[in-house]
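Written below as structure tokens is the structure these notes are about.
The values are calculated or read from the model by the stated rules, or taken from the named source; none is laboratory data. All values derive from a computational prediction rather than experimental measurement. Ideal geometry is used to build each Cβ from the backbone, glycine not excepted, and the neighbour counts take in all protein chains shown. Keep in mind that these areas ignore ligands, DNA and RNA; they rest on the heavy atoms of the full protein, side chains included. Shrake-Rupley method; radii C 1.70, N 1.55, O 1.52, S 1.80 Å.
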Amino acid sequence: MAYSREEAAELIIKAGYALVEKGLIARTWGNISARLSDTEFLVTPSGMGYDRLTPDKLVVCKISDCSYEGEIKPSSEKGVHGEAYKYRPDVNFVIHTHQLYATAVGTTGKSLSARTAEEEKILGADVISAKYAISSTKHLMRNVSDAIQKNTASNAFFMRYHGVLCLGRDYDHAFAVSETLEDICKDIICRKDQLIVDEIRMTDPGTIAQSLGISLDDLQALVDKTGKKSLLLDTSKVVEDIAGTETKIYPMIDDMAQIAGVRFLCLAPADGTFLTKAESQLQKKTCVFIRGIGALCLASDPEEAEAVAMVLEKNCLAYAYGRRQGEYAHLGLLDAALQRNTYVKKYSKLK
């Protein structure tokens, strides 16, 4: 059941709002598409917030080679969508998300089974983990394509260190796959140690300075020296835990490498060199971890600071879950550095 151009546009825009409302996607992260025919699909554009989508901003791509016409660029992950439609003729709607709990579970590289007959009806066979490759590359497209071709009964795929791909026979089914997978992964993560992201964040400079044990003048000087304007102190339990137990923190997900940085030292706030070390880190990164407290995020505006906090919370959740599972492998430093460098130069995903 392919959609008309009008139906597809309406459902893609509807899906964007619904997924944001459910917390399954945020900002410009992730992408959505719908099948138009045996040869074409409609997909979200690159780098545009879901609240700004209109039918004329969506892009028609060829399933065979993802070629398109016009000046609006389709999602950089269009190839993944094209492969889904190419090898799954029963699929008519595709959602790619960076959803919190499923992304964290997916960093282990392990497959996942449904718990009930109803979940299996929605997800199909096991949720398969596709091999890792840098986001938006042909290598990643080939890895996901290989997973889809070898597992034609599966409707959900982990994209390791990146996110998940949800395939549906229609809009409702694809959305149900995304939501069901997130519910399962949240239950898995929270069941034993209550590893839940509680999103405790401070934005008042005076409160932040007091929490760090420094003067407001010193905090303002730190902000000024780094050339950033907005700060946020993230004291979520999972962030505090990782900052308190690790001496160095690395990206467990692509988003962390791109938006925040490649390697982070956990600083002691009582150390007399705290401000100097924090300034040094924040020259090239957007957050610094503080032992016993959490993480200080600095960015160009409040929206970006919030995005940094969201990403580091997901990264810490992946750390905590992976540590518990004995699967503690982070992104390769070369891959992380390449993604960070590309992101900084293009600066296209946050705006």
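Separation between the Asp217 and Ile200 pseudo-spin-labels, each 7 Å from Cα along Cα→Cβ, expressed in nm?
3.1 nm
For the range 207-351, rounded, prolate or oblate, judged on the Cα gyration tensor with a ≥ b ≥ c (square roots of eigenvalues), a/c < 1.5 rounded, else prolate if a/b > b/c?
oblate
Give me the percent of DSSP beta bridges within the chain that run antiparallel, rounded to the nearest 5.
Details: 37 of 42 bridges.
The answer is about 90 percent antiparallel.
Compute the Cα gyration tensor for the chain, then decide on rounded, prolate or oblate, letting a ≥ b ≥ c be the square roots of its eigenvalues: rounded whenever a/c is under 1.5, prolate when a/b is larger than b/c in the other cases, and oblate in all that remain. Write out the running numbers ahead of the final one.
Details: a/c = 2.18, a/b = 1.66, b/c = 1.31.
Taking the square roots of the gyration eigenvalues as a ≥ b ≥ c, the chain is prolate.
Once phi is turned into θ = phi - 60°, what whole-Hz ³J(HN,Hα) does the Karplus curve with 6.51, -1.76 and 1.60 give for every residue of the range 298-313, x standing for Gly and Pro?
Each residue of the range 298-313 in turn: 10, 8, 6, 7, x, 5, 5, 4, 5, 5, 4, 4, 4, 5, 5, 5 Hz.
Please list the non-local residues whose amide H lies under 5 Å from the amide H of Ile290, H modeled 1.01 Å from N, same-chain partners needing a gap of 5 or more.
Excluding prolines and chain starts, which carry no amide H, the hits are Leu267, Ala295, Leu296.
Which of the trypsin sites (Lys or Arg not before Pro) across the range 117-213 are loop residues per DSSP, with 13 or fewer other Cβ within 10 Å?
none
Which of the GluC sites (Glu not before Pro) found in the range 1-82 are in a DSSP loop and have at most 10 neighbouring Cβ atoms, other than their own, within 10 Å?
Taking the range 1-82 and a limit of 10 other Cβ atoms within 10 Å, the loop GluC sites (Glu not before Pro) found are Glu69, Glu71.
Determine the share of the range 1-109's accessible area contributed by carbon and sulfur atoms, expressed in whole percent, with a 1.4 angstrom probe. If you can, show how the numbers build up before the last one.
On the way: 2160 of 4330 Å².
After summing per-atom areas, the C and S share lands at 50 percent.
Going from most exposed to least, what order do Leu112, Leu265 have by accessible area with a 1.4 Å probe?
Leu265, Leu112
Please give the Cα centre distance for the range 263-305 versus the range 171-217, rounded to the nearest Å.
Value for the Cα centre distance between the two parts: 19 Å.
In the range 238-298, carbon and sulfur make up what percent of the accessible area (probe 1.4 Å)?
Accessible surface attributable to carbon and sulfur in the range 238-298 totals 50 percent.
What does the C-alpha gyration tensor say about the overall shape of the range 98-159? Classify as rounded when a/c is under 1.5, otherwise prolate if a/b is larger than b/c, or oblate.
It is oblate, given that a/c is not under 1.5 and a/b is not larger than b/c.
I want to make sure I understand the PRE zone here: with the label point 7 angstrom from the Cα of Tyr328 toward its beta carbon, which residues in the range 236-256 have backbone N atoms less than 16 Å away?
241-252
Angle between the Cα long axis of helix 171-193 and the longest principal axis of the chain, 0 to 90 degrees, nearest 10?
In the chain, helix 171-193 runs at an angle near 40 degrees to the longest axis.
Amide H of Phe93: which non-local residues (sequence gap of 5 or more, or other chain) have their own amide H closer than 5 Å, using H built in the peptide plane?
Counting only residues 5 or more places away or on other chains, the set is Arg35, Gly168, Asp170.
Could you give the distance between the Cα centres of the range 55-80 and the range 102-116, to the whole Å?
Result: 29 Å between the Cα centres.
Tell me, which longest segment in the chain has none of the chymotrypsin sites (Phe, Trp or Tyr not before Pro) that fall in DSSP loops with at most 16 further Cβ atoms within 10 Å?
In short, 1-327.
Which value, in Å to one decimal place, does the Kirkwood hydrodynamic radius take for the range 56-101 when every pair of different Cα atoms is included?
Taking the inverse mean of 1/r over all distinct Cα pairs, the range 56-101 comes out at 11.7 Å.
If R0 is 22 Å, what FRET efficiency do you get for Glu10 and Ser76 from their C-beta distance, rounded to 0.05?
0.40
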